[in-house]
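Q: Structure incoming, see below.
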Amino acid sequence: MRNYDDFIDGLRQDVQIPDEVWSQYTETLEHIEQMSDQRKEVYHMRRNEKNKSRRMIKAAAVAGALVTATGIFSFANPVAAAKLPLIGHIFEHVAEDATFSGDYQNKTALPDARQKDAASAATGTTAAQNDSTQDAAQPSADAQAAPGGIFRAAANGITVTASEIYSDGYSVYLTAEITSDAGGFTDIPDHYTRRFEEKTSQSIHAMGTWHAGNAADTALSNSVFEGKAVDDHTFIGMLKLDAETLLTGDGRLCLELSELSYDSDIGPDREDITPANCITGTWKLDIPYSVDDRQCKELPVDKAAGGYRIEKVFVSPYQVIVFCDAPYTTLSPETYTREDFEAQWGKKNDEIAAAGDTPVTYEDMLDKKFYDYFETAIFNQDGQALSMQYGDDKKCIFAVQDLDLQTLHIYLADESNELGLIKAANEQEAKKLSILDAQITL
């Protein structure tokens with residue numbers, strides 16, 4: 001403890017720390033020294049509980065003497081917290097703990113729309129669109145400020161300010177600062193972002209539509225800004241958007257948010273799964289991007305067995321996508337009549353049409369392919385498993401999470417061992433359960 005005291009004393013000579021904050025710090029140290037070993041053990045047990053609240057984490061940080069110099073005055077002193085670089089640097093703050101983690105340095109930083117708005121307010125003008133005339137984000141030497149776009153949108157007490165953008169071709173990664181007049185961000189519960197639960201993030205869920213390049217609008221699906229609360233009114237996070245087809249070259253991300261929601265670990269437990277806070281509105285962003293074609297690549301595989309096939313893999317610094325094919329069946333007029341269709345889709349189509357969308361047709365259902373179940377697993381050259389996050393009938397998406405990838409060992413299993421491959425304890429077990437495997441050298 002003595003070395004830590006020396007560090008703080010020296011730091012206080014260089015940085016002005018308010019007396020009340022210094023008093024809280026010294027009282028905390030005195031309290032820690034009086035804690036019994038039994039209480040310390042209880043603290044560590046509680047800290048590892050999966051459903052711990054955000055407030056418990058804060059208390060644990062104090063009780064466990066994990067308060068750092070940054071923690072002392074960046075959160076206790078609003079003036080110091082306001083000086084932390086956010087816009088243009090959010091990847092640095094959230095990427096390590098995000099599900100699709102990694103080194104996001106030197107990604108395209110966007111102009112700071114907040115400073116442009118402040119300048120407009122000072123001159124009595126209004127900026128409806130933020131262009132690149134002021135590169136307030138000050139990106140690194142390898143990043144270039146983006147051309148003109150709409151980087152900031154506000155509605156119903158919520159402001160979304162885009163910070164950085166990156167695309168590997170199959171996904172667009174966007175960071176943003178979200179501010180709320182009402183607050184409540186520090187009460188957002190944590191969720192685990194790793195298979196073995198050593199990393200956590202907070203999330204704000206997003207609904208709306210988006211498209212990149214010349215693609216049609218797509219509804220956001222299970223989309224979240226994954227990050228952390230800077231204070232009760234400020235949240236920073238990263239949103240990952242997956243494209244149906246490979247993006248190339250330069251393009252524009254058009255994102256229209258219609259709802260932002262987040263849960264709270266404060267208040268009584270609720271049986272329903274709806275979030276505690278839900279704000280509707282319209283937040284439109286229009287952001288240019290450039291696809292990274294230097295660090296990302298598609299590799300052919302083309303191995304098949306039993307009607308299943310591993311077609312290719314896509315590898316970026318943050319994800320690996322395995323493209324597969326599987327046996328499928330279709331409906332026929334004999335087994336699925338128009339009466340069956342009306343019974344299944346009649347009322348649903350009325351609701352779809354009332355919402356302004358295109359109803360499902362009988363012909364759509366006859367053309368639909370129902371693929372057989374399959375699952376995949378990937379291990380690197382050291383036998384380390386990549387964490388699968390989600391997928392569909394044709395592909396499975398894995399998070400790299402800083403693993404060294406030189407060789408990929410890919411395994412595919414059918415429904416005869418449902419969830420067996422996903423739960424495999426090691427590569428040897430995965431290989432025994434698979435009906436198809438492939439090895440790719442990167």
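Every read-out reported here was derived from the displayed coordinates using simple, explicitly stated rules and does not represent laboratory data. Bear in mind that the values here come from a model prediction, so they are computed numbers and not experimental data. Every residue, glycine among them, receives a Cβ derived from its backbone with ideal geometry; neighbour counts consider all protein chains shown.
Q: Does the stretch 210-355 classify as rounded, prolate or oblate by the C-alpha gyration tensor (a ≥ b ≥ c root eigenvalues; a/c under 1.5 gives rounded; else a/b over b/c gives prolate, otherwise oblate)? Mind showing how you got there, number by number?
A: On the way: a/c = 1.80, a/b = 1.11, b/c = 1.62.
It comes out oblate by the Cα gyration axes.
Q: Taking neighbour Cβ counts within 10 Å as the exposure measure, how do Leu442, Leu174 sort from fewest upward? Could you put the intermediate results ahead of the total?
A: Working: Leu442 13, Leu174 24.
With the sparsest Cβ surroundings first, the list reads Leu442, Leu174.
Q: Note the full-extension length gain between Gln105 and Ala155 as 0.36 nm times their separation in residues minus their Cα-Cα distance, in nm to one decimal.
A: On the way: separation 50, 0.36 × 50 = 18.00 nm, distance 3.08 nm.
That pair, Gln105 and Ala155, stretches by 14.9 nm at full extension.
Q: From the square roots a ≥ b ≥ c of the eigenvalues of the alpha-carbon gyration tensor of the stretch 288-356, which class results: rounded (a/c under 1.5), prolate (a/b over b/c), or oblate?
A: On the way: a/c = 5.57, a/b = 1.64, b/c = 3.40.
Because a/c hits 1.5 or more and a/b fails to exceed b/c, the stretch 288-356 counts as oblate.
Q: What does the charge add up to near Ser201, with Lys and Arg as +1, Asp and Glu as -1, over the other residues with Cβ less than 9 Å from its Cβ? It would help to have the intermediate numbers written out before the result.
A: Working: positive: Lys199, Lys228; negative: Asp97, Asp190, Glu226.
Value of the local net charge: -1.
Q: Could you check the spin-label model distance between Glu298 and Thr209? Points 7 Å from the Cα along Cα→Cβ, value in nm.
A: Once both label points are built, they end up 2.6 nm from each other.
Q: Test of understanding: what is the full-extension gain from Glu259 to Asp392, defined as 0.36 nm times their sequence separation minus their Cα-Cα distance? List each step's numbers first, then the result.
A: Values: separation 133, 0.36 × 133 = 47.88 nm, distance 2.48 nm.
Additional length available on full extension: 45.4 nm.
Q: Could you work out the local net charge near Lys312, counting Lys and Arg as +1, Asp and Glu as -1, over the other residues with Cβ closer than 9 Å to its Cβ?
A: Working: positive: none; negative: Glu298, Asp302, Glu311.
Neighbour charge sum, excluding Lys312 itself: -3.
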